[in-house]
Amino acid sequence: MAQSIALIAPTAAPVMTIPLVFALAGQGCAMAYFIATVSILLVALNINRFARISCSPGSLYTYIADHMHPRFGVLAGWALLIAYVGTAAASCAGVVNYANVLLHDRFGVQAFPWIWIVLVVAFAGWLAYRDVEISARLMLWIEAVSVTLISVIALGIIFKHGWPPDLGQITLRGVTPEKLRLGLVLAIFSSVGFESATSLGSEARNPLTTIPRAVLWSALLAGLFFVLCAYAEVLGFRGEPETMDKSPAPLHVLARKAGLPPLVGTFTDLGAVLTFFSCFLACITAAARVLFLMGRHGALHSFFGEAHEANQTPHRAVLLTSLAAFIPAVIMAAEGVNMFDIYGLIGTVATLGFVTAYILVSAAVPLYLRSQGRLTPPAVIISVLAVLAMAAALLGNLYPVPPGPYALLPYFYAALLLAGFGWSTMWSARAPSFETDANS
């Protein structure tokens with residue numbers, strides 16, 4: 001549960017993602033989150049078909065390789081690597097933004113972004129290298145405190161407004177289907193990672209019971225939290241001279257409007273720093289285990305498929321994924337790119353990786369159930385609806401054509417995915433045991 005919650009990073013949505021969704025979907029922000037939650041729950045139901053029978057550390061990579069074809073598993077593996085590493089890089093931007101907000105508010109200074117990025121990568125990498133249980137417990141406590149603070153602010157805004165609902169949001173005033181679809185992509189980004197508990201495999205206690213429970217409940221609870229926050233934030237910023245997507249610290253504004261002490265806003269900023277750090281940690285924890293199993297199956301060099309002799313962690317994979325997340329974050333920060341833009345751009349690429357893996361795992365469910373003689377019409381319906389929902393999210397990145405650099409991101413993602421898949425295809429040609437190992 002801690003792994004899934006930390007990678008979802010519930011605090012990240014109200015402090016950074018919801019303002020970006022609002023910029024795209026306007027008053028349809030809460031509706032975009034509601035649709036995203038339903039779509040994610042459909043995928044969770046499909047993932048749990050496999051999580052109840054397999055406790056491999058390879059996450060969705062293993063499920064797809066076992067029940068579709070090893071090549072589809074490799075494609076999913078690379079999609080997940082892009083997704084986890086991209087989310088980790090985006091999380092660095094969150095740490096930088098809110099750490100500097102805290103410094104500026106308290107001391108009137110700000111640190112160079114690269115300093116924060118180096119600290120995050122070094123400390124999180126060390127934790128993931130050492131012991132996943134310690135880091136998982138740390139992540140869960142960080143999120144519990146942060147979510148509680150944000151819930152107090154959101155409920156304060158709603159109670160202060162009164163019980164009549166906000167008709168602008170309920171009736172989707174001024175919201176077009178195109179705007180809603182664009183907002184849906186980043187709304188889905190808020191919930192992705194709920195499946196990452198599956199990456200812990202046999203490291204979890206009673207994995208065939210606890211992992212499916214963690215997958216379903218993390219998706220459901222996070223989704224409800226996001227809908228509440230989206231509704232409250234749009235409501236709270238109504239009448240403000242500065243729109244939500246232009247505010248560097250939106251929860252400061254909301255805490256003030258809710259009549260809460262200024263210290264609450266400061267604590268939410270601190271919570272944001274910690275939650276983005278925990279998200280980075282969860283991302284490299286999950287990515288390293290996918291990389292580890294791909295190395296063991298011959299899809300990549302066996303160098304990555306070895307565990308630390310004392311810690312029993314995939315230490316080499318942890319180091320590589322940490323470095324892969326560090327590079328784009330520090331380069332974009334050095335170029336002076338705004339932290340919200342870094343978060344949105346890299347986060348969109350990461351979302352495409354998650355959506356690809358979710359489509360593949362949902363499509364694999366009917367094949368698995370048919371092989372077991374347990375295929376039923378409801379299972380087919382859930383699989384089809386999940387595939388269609390995720391396909392709609394992909395389409396939202398292509399048409400209508402998003403503004404600015406967002407229009408290029410699907411093609412950049414496709415190039416990364418094909419490059420990785422091509423590399424594994426060439427590498428596995430030198431490893432005759434690939435087909436056998438991937439199915440074992």
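The values are calculated or read from the model by the stated rules, or taken from the named source; none is laboratory data. If you're wondering where the values come from, they're calculated on a predicted model, not measured in any experiment. Glycine also receives a Cβ, built like all others from the backbone with ideal geometry; neighbour counts cover every protein chain displayed. In case anyone asks, the SASA skips ligands and DNA or RNA and just uses the protein heavy atoms, side chains included. Shrake-Rupley method; radii C 1.70, N 1.55, O 1.52, S 1.80 Å.
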With Cα atoms, 0 to 90° folded angle of helix 132-161 axis to the chain main axis = 30
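Can you order the peptides 31-37, 218-224, 10-16 by their average number of other Cβ atoms within 10 Å per residue, highest first? Before the final figure, lay out each step's value.
Working: 31-37: 24.3, 218-224: 21.0, 10-16: 26.7.
Descending packing order for the listed peptides: 10-16, 31-37, 218-224.
Give the peptides 118-129, 338-349, 72-83, 369-380 in descending order of average Cβ contacts within 10 Å, highest first.
Numbers: 118-129: 19.7, 338-349: 22.4, 72-83: 26.8, 369-380: 11.6.
Result, highest mean Cβ count within 10 Å first: 72-83, 338-349, 118-129, 369-380.
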The chain: angle of helix 29-51 to the longest principal axis, Cα-based, in degrees nearest 10 = 20
Would you please give the residues with an amide H less than 5 Å from that of L300, counting only those at least 5 places away or on a separate chain, with H modeled from the backbone geometry?
-> G295
Using a cut-off of under 19 Å, list every residue of the stretch 8-37 whose amide N is near the label point 7 Å from the Cα of Q110 along the Cα-to-beta-carbon line.
-> 15-17, 19-20
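Assign one of three labels to the stretch 1-55, namely rounded, prolate or oblate, based on the Cα gyration tensor with a ≥ b ≥ c the square roots of its eigenvalues; rounded applies when a/c is under 1.5, prolate when it is not and a/b is larger than b/c, and oblate otherwise. Please report the intermediate quantities before stating the final value.
Numbers: a/c = 4.67, a/b = 1.82, b/c = 2.57.
Oblate shape, in that a/c is at least 1.5 and b/c is the bigger or equal ratio.
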Rounded to the nearest 500, the 222 nm mean residue ellipticity computed for the chain from DSSP H runs (n ≥ 4, each -39500 (n - 2.57)) alone is -25000 deg cm²/dmol
Given 0.36 nm per residue, what is the gain on full extension from L395 to K246 after removing their alpha carbon distance, in nm?
-> 51.0 nm
Within the stretch 157-211: Cβ-based charge dipole about Cα centre, in debye rounded to nearest 20 (Lys, Arg +1; Asp, Glu -1) = 200
Note down the accessible area of M332, probe 1.4 Å, to the nearest 10 Å².
-> 40
Taking all protein chains together and a probe of 1.4 Å, list R181, R238, R289, R213 from the most accessible to the least accessible.
-> R213, R238, R181, R289
Is any residue of the stretch 354-383 close enough, with backbone N under 14 Å, to a label point placed 7 angstrom from the Cα of H69 along the Cα-Cβ axis, and if so, which?
-> 364
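Would you work out if the stretch 320-428 is rounded, prolate or oblate? Take a ≥ b ≥ c from the square roots of the eigenvalues of the alpha-carbon gyration tensor; rounded if a/c is under 1.5, else prolate when a/b is larger than b/c, oblate otherwise.
Values: a/c = 2.76, a/b = 1.74, b/c = 1.58.
Prolate is the answer for the stretch 320-428, as a/c is 1.5 or above and a/b outweighs b/c.
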How much length, in nm to one decimal, is gained on full extension between E306 and W163, taken as 0.36 nm per residue of separation minus their Cα-Cα distance?
-> 45.8 nm
J(HN,Hα) series, the stretch 334-342, from Karplus relation 6.51 cos²θ - 1.76 cosθ + 1.60, nearest Hz, glycine and proline x | 5, 7, x, 5, 4, 5, 5, 5, 4
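Quick one: which of 407-414, 354-361, 248-255 comes out on top by average Cβ neighbours within 10 Å, and what's the full order, highest first?
Put in order of decreasing packing, that is 354-361, 248-255, 407-414.
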Just how much of R173 is accessible, in Å², when a 1.4 Å probe is used and the result is rounded to the nearest 10?
-> 140
Roughly speaking, what is the stretch gain from R238 to V152, that is 0.36 nm per residue apart minus the C-alpha to C-alpha distance, in nm to one decimal?
-> 29.1 nm
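Can you pull the percent of the stretch 75-182's accessible area that's carbon plus sulfur, 1.4 Å probe, other chains left in place? Spell out each step's value before the answer.
Details: 3880 of 5350 Å².
Looking at the stretch 75-182 in its full context, I get 73 percent from C and S.
When a/c is below 1.5 the answer is rounded, else prolate if a/b is larger than b/c, else oblate, so apply that to the stretch 1-92 with a ≥ b ≥ c taken from the square roots of the Cα gyration tensor eigenvalues.
Details: a/c = 2.16, a/b = 1.80, b/c = 1.20.
Verdict is prolate for the stretch 1-92.
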